[in-house]
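Below is one structure, written out as structure tokens, with a few remarks after it.
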Amino acid sequence: MHCLVFGILFAVLVSRPPLREYADGVGESTRLGLVYGFVIWIVAAGIVMPIWLQTVGFQGAPPLPNFDVLSLVTNSLHPDAYNRNLTP
């Protein structure tokens, strides 16, 4: 579910000025998607998720910060997939 929310948020962000002018072509929108995915990885997966899981008492919570390389790859690629399908 969070992937859908992050994807829709990305589509909204790149459809509004000033980012709209940088999302004209496939290359530009791909770069924006990768940057957006990297920011999500740092903030949501690297910091917020470990804090949240530790707060609710989840025994298998990852360490803080959680900068796992596989997580970086998946968070960097999925916003671009949404970008290609949801934005003009």
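The values are calculated or read from the model by the stated rules, or taken from the named source; none is laboratory data. Since the model is a prediction, treat every value here as computed from it, not as a measurement. Neighbour counts run over all protein chains shown; Cβ positions are idealised from the backbone, glycine included.
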Over region 23-44, the set of residues acidic (Asp, Glu) and either in contact with a strand residue (DSSP E or B) (Cβ under 9 Å, 6 or more places away or on another chain) or not in a helix (DSSP H, G or I) (or both) is ASP24
Answer yes or no: is there a residue in region 43-53 that is at pLDDT below 90, under 24 Å from ILE8 (Cα atoms) and surrounded by 14 or more Cβ atoms within 10 Å (Cβ to Cβ). yes
The lone condition VAL69 fails out of (1) exposed (fewer than 14 other Cβ atoms within 10 Å of the Cβ); (2) touching a helix residue (DSSP H, G or I) at 6+ places or on another chain (Cβ under 9 Å) is (2)
Restricting attention to region 33-51, report how many residues are touching a helix residue (DSSP H, G or I) at 6+ places or on another chain (Cβ under 6 Å) and among the aliphatic types (A, V, I, L, M). 3
Cβ pairs under 7 Å, 6+ apart or interchain, first in region 17-32 and under 15 Å from GLY7 (Cβ atoms), second assigned to a loop (DSSP other than H, G, I, E, B), ordered by first then second residue, are ALA23/THR87; SER29/ALA23; SER29/THR87; LEU32/ALA23
List pairs: first in region 1-12 and closer than 14 Å to LEU34 by Cα, second basic (Lys, Arg) and assigned to a helix (DSSP H, G or I), Cβ under 8 Å, 6+ apart or cross-chain? none
Mind listing just one residue for me: the one in region 27-42 that is in contact with a Ser or Thr (Cβ under 8 Å, 6 or more places away or on another chain) and surrounded by fewer than 19 Cβ atoms within 10 Å (Cβ to Cβ) and, of those, farthest from LEU64 (Cα to Cα)? LEU34
